[in-house]
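One structure is given below, encoded as structure tokens.
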Amino acid sequence: MNTKAEVERQLREIERATEVVVPREELAAKLTRSLREDKPLRVKLGIDPSAPHLTFGHAVVLRKLRAFQDLGHLAVLVVGDFTRRIGDPSGKAKTRDPMTSEDIQRNMATYREQAFRILDPERSELRHNSEWLGKLSFADVIVLSAKYTVARMLEREDFQRRYTEGIPITIMEFLYPLAQAYDSVAIRSDVELGGSDQRVNLLIARDIQDAYGQEPQAVVTMPLLLGTDGRRAMSQSRGNYIAIAEPPEEQFGKIMSIPDELMPQYARLLTDLSWEELAELHPKQAKKRIAWTLVSAFQGPQAADAAQAHFQRVFEEQETPEEMTEVELDPSVVKVARSADIPVPPARAAATTGQPTINVVNIVDLMMAAGLAPSRSQARRLVEQGAVQVAGERVSSPTDQVPATPGTVLRVGRRKFARIGDPGLR
């Protein structure tokens, strides 16, 4: 084997779609040694268990981790169950609230299954940093904190801004990057991956490894994927995310709703498709190709085919989905009204056939019963935004009464449907 040529090949694959590789020459040296000694590099990725879903934003760095695996290296996925009790201060304008152990455990319960939709389990270690951080004594923490200075910590843009503006910074927040850096010491990381917002934390780990007598890791950062709103980085707290494990129809529909100008980024960071070739297609066809490819990658080709057919039937041919939630209305919310006063089918049909009255329900009550709004205030906002239809007719006011007739279809937004079941009231 031509070692030099193979190192350059691996570097080209690693650098594809990355933001930065630091230092490149050190990574090249690590790859050279790995080939000569036939020993895979240990490539670390930290996951913050702040929410239960891994998103397409996580998929960007998970795909790069899989690229390292395909080159023969070992993926070490570190779930920060201990550090999440501190809270990552990166980019935050104020101290981040810590989470309880119960919330953390609940969030990370399915991370293994989600991550292994992308990673090769045979070339993976899944670790939790409570394994080592939870065993440190107070003396150990003092030794760790002595290996980095306050002056260096305040060089960080986020800390510097808050310090200048007089916004409190707790000592706990200084400990987060040190604890994260100690993860690299504990697993003897050769390379660490992360989003561009994590670059400073990843570089601090190099100093801490050196202070503990280890060879510093190389750092590879990836651009942050913009969310479905087209403006901000994908985040579950912002609600602009697509989850790796959510239903295929939801994934496909959300991708199709993303602004066209984001498609080059999605193709480059989440697929192996050539944007140059996709750009020759009609924008909608290019987006469909990307949507099918992503759903297929996470759910399988059959699920992708079904999701595309669902999208075409529901959103392009304006048909309702074959399966949807059945709503069982509590009799207490159902009232009787004159059918002629309710301008929504099937009330309109009842009026034309001479039926004088019809069972009705307030639209907000119906949305809450169907589980299509998280709160009554949000349900009212959705109605006021024109996002709610009953029996194909747009509902104009949160005070509107709509038919409670079995079989009547409620639609919220583009992708949420429910059908009224038989409430036992005729």
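Throughout, read-outs are computed from the coordinates displayed, never taken from laboratory work. The structure displayed is predicted, hence computed values, not measured ones. Note that we place each Cβ from the backbone using ideal geometry, even for glycine, and neighbour counts take in every protein chain shown.
Go through region 209-254 and report how many residues are among the small types (Gly, Ala, Ser) and surrounded by fewer than 20 Cβ atoms within 10 Å (Cβ to Cβ).
8
Can you tell me which residue in region 322-342 is surrounded by the most Cβ atoms within 10 Å (Cβ to Cβ), limited to those that are in a strand (DSSP E or B) and within 39 Å of the chain's Cα centre (by Cα)?
Only one residue fits best here, namely Val327.
May I ask you to list the residues in region 127-151 that are among the charged types (D, E, K, R) and in contact (Cβ under 8 Å) with a residue 12 or more places away in the chain?
If the condition is that a residue be among the charged types (D, E, K, R) and in contact (Cβ under 8 Å) with a residue 12 or more places away in the chain, then Arg127, Glu131, Lys147 are the ones that fit.
For region 266-283, how many residues meet the condition of being in a helix (DSSP H, G or I) and of a type in the set (Ser, Thr, Tyr)?
Result for region 266-283: 1.
Keeping to region 362-406, report how many residues are loosely packed, with under 14 Cβ neighbours inside 10 Å and among the β-branched types (Val, Ile, Thr).
1
Quick one: what pairs do we get from region 274-293, first residue within 17 Å of Ile255 (Cα to Cα), second β-branched (Val, Ile, Thr) and surrounded by 12 or more Cβ atoms within 10 Å (Cβ to Cβ), C-beta under 6 Å, 6+ apart or different chains?
Sorted first by the residue in region 274-293, then by its partner, the pairs are Ala291/Ile255; Thr293/Thr271.
Do we have Arg238 as free of Cβ contacts under 8 Å to residues at least 24 places away in the same chain, among the basic types (Lys, Arg) and not in a helix (DSSP H, G or I) here?
yes
Which of the helices (runs of 4 or more DSSP H) contained wholly in region 139-211 include at least 1 residues that are under 31 Å from the mean Cα position of the chain (by Cα) and within 30 Å of Thr32 (Cα to Cα)?
Answer list for region 139-211: 171-187, 199-211.
Condition first: touching a Ser or Thr at 6+ places or on another chain (Cβ under 9 Å), under 18 Å from Asp158 (Cα atoms) and hydrophobic (A, V, I, L, M, F, W, C). Now tell me which residues in region 180-204 satisfy that.
Selection gives Val200, Leu202.
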